[in-house]
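Reviewing the structure listed below.
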Amino acid sequence: MKLFRSVLAVALSVGFIAEPGPAAVEQVSVRVDGLACPFCAYNIEKRVKTLEGVERDARIVTSIEHGIAKFPWKSGIAFDPAAVRTAIREAGFTPRELTVTVTGAIQVSSNRDAQTMLELVDEDAKLTVLVTPGERADQRESWDQMRALGLLQAAKLRVRVEGEVRADSADTPWSLILHKWAPLEYAAQVVAEIDDLACEQCSTRTMRALMELDGVIHVEADYETDRVHIWTRDEAPDLRVFRERIETLGFKVTHVHELDEVSVDGRDK
Amino acid sequence: MARITTRSIVAGPLVVLTALGGLSTATHAAGLNTNVALTPPLDGTILRLQFRYTRLFNDPTSLDREVHLSVQPITLVYGATPNLALIGTLPIIHRKIEFGSGATKRDTGIGDIPLLVKYRFFQDDKPQQTTRWAMIGGAEVPTFDDPFSSESFDPIIGTVWTHQRLDWWIDWDVLYKFNTAGGIAGDDEIRADVAASLTLLSGESVNRGPWSLYAIGEINAKYITDGSAQVFASPGIQLFTSRWVVEAGVQLPVYQDMKSPRLETDFTFVLSVRILF
């Protein structure tokens, strides 16, 4: 985990990627003190369902034994941790630690941000740091280490925040989450296997060429594995387009296929 | 004396006791006959429907009465704020009096309606446990439904304390009712209850949520300012889910010193359902 964190610190501190946007919070988990009987569960459910970010028919799972309430957060609604805490208090209990599951990419512009992220991220979390092509040349070693750890594969990030934090404060961890987290909204992921990508410059040329295609939102090419990953907005991308584009650069594509959706823990389904 | 036999002796204090028990327990981990500090969530409502059957006997008067009292208190508790609950109970009463002479008298009516406010002024939450303390104030509003109404506006004050954990809970309460009616119905009442409960079985289902089966034991004491006193031991059982509770129990007298013309209690059987919505 130390290696993991040091690698991530380096990667984040150099300002890798991602367009800023609203955080895409998917799941909220709040530790609640005072839960001691089954009736408590419905009290929580009743108040949580008054939140703007929670569907009226959402499944609110409250574990009395573990003192935790979990619920999904509605897509497109900005996460409001203060409102969540208020709802728990209105139910008659005391909110403690908030944990949110976020899908997306991080834009980190300073070492401080990077350090804050490291403090927030759960040690068991799977991380993805997408790297913009062409901005990583002198970070080769770090990137390779991250790849070796599988950090570049998953598209899910889990963040844990402890204590009372306010989202409206500019220097709080919530501010980082809410304002520097961009949703990674891709519909499909494609992998192209190349006969011999040969060199790092070849990788960069390939990535830049593919990024020019309509619908492509991100590309990663690795000359050591001879594989190119393509993220696209198209649900059913035309694989022949990718093949032809790569082959116009002088490389031979041996196989192109679409990856299945990546699960929460980062493993392919 | 005739008026005493039909209202004050039998119905008055017992109905009050029954109604108070019914209304103030209708919250979370409450006993069948006691109060608790826990309240509904903001904008939440608890409906409690009870069936209570009581047999009264040992008439100290020459009437030699035996009374069968069935009370169905309908209680609503509403969470006006996270710390403040409004409580109201409508006690529907069926009474049958069997006289020593062989005569029988039956009455049905609505007892006085307690309307209370409960304010929680202390709360200490920890993982899997909570401690809460609340004050209660209000009044019993007369329905003027003879013979079950005292026909007086009777203030009530009290306090209730609860400590609840995952496997057990305990609470105690004290309530004082200032009877403003004249005659024997004007004697004030003070009642104190201690309830303790132990989890027998529990579980959690992703689809249906948590549930628990509790064994409960209560001590319910009542003192009337004419010198009458009663202490009951009250065992029972409660099945809790996240939305409803089914509970049953009995009240058995362990000490009674009732001043004439009041009757003694043989036993009370309680069946109850609570729904949270």
Scan the stretch A:219-233 and give yes if some residue there is closer than 19 Å to A:Tyr186 by Cβ and more than 23 Å from the chain's Cα centre (by Cα), otherwise no. no
Given the structure, is A:Val48 β-branched (Val, Ile, Thr), more than 8 Å from every other protein chain (Cβ to nearest Cβ) and within 21 Å of B:Phe240 (Cβ to Cβ)? yes
Can you tell me which residues in the stretch A:169-225 are buried (at least 19 other Cβ atoms within 10 Å of the Cβ), part of a loop (DSSP other than H, G, I, E, B) and at pLDDT 80 or above? A:Leu197
Go through (1) in a strand (DSSP E or B); (2) within 14 Å of chain A (Cβ to nearest Cβ) for B:Leu271 and report which single condition fails. (2)
Here is a list: B:Val67, B:Val71, B:Val77. Which entry is within 14 Å of chain A (Cβ to nearest Cβ), assigned to a strand (DSSP E or B) and at pLDDT 90 or above? B:Val77
Could you grab me the full set of residues in the stretch B:205-224 that are in contact with a helix residue (DSSP H, G or I) (Cβ under 9 Å, 6 or more places away or on another chain) and over 16 Å from B:Gly249 (Cα atoms)? B:Gly209, B:Pro210, B:Trp211, B:Ser212, B:Lys222, B:Ile224
Within the stretch B:80-95, is even one residue assigned to a strand (DSSP E or B) and touching a His at 6+ places or on another chain (Cβ under 9 Å)? yes
Of all residues in the stretch B:187-212, how many are closer than 25 Å to B:Arg165 by Cβ and under 21 Å from the mean Cα position of the chain (by Cα)? 7
Does any residue of the stretch A:31-42 turn out to be farther than 24 Å from B:His163 by Cβ and hydrophobic (A, V, I, L, M, F, W, C)? no
Limited to the stretch B:234-253, what total is found for residues that are in contact with a Leu (Cβ under 6 Å, 6 or more places away or on another chain) and either surrounded by fewer than 18 Cβ atoms within 10 Å (Cβ to Cβ) or without any contact (Cβ under 8 Å) to a residue 60 or more places away in the chain (or both)? 4
Residue check, B:Arg208 against (1) touching a strand residue (DSSP E or B) at 6+ places or on another chain (Cβ under 9 Å); (2) at pLDDT below 90; (3) not hydrophobic (A, V, I, L, M, F, W, C), all met but one. Which one? (1)
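The values are calculated or read from the model by the stated rules, or taken from the named source; none is laboratory data. Model, not experiment: these values are computed from the prediction. Note: ideal-geometry Cβ built from the backbone for every residue, glycine included; neighbour counts use all protein chains shown.
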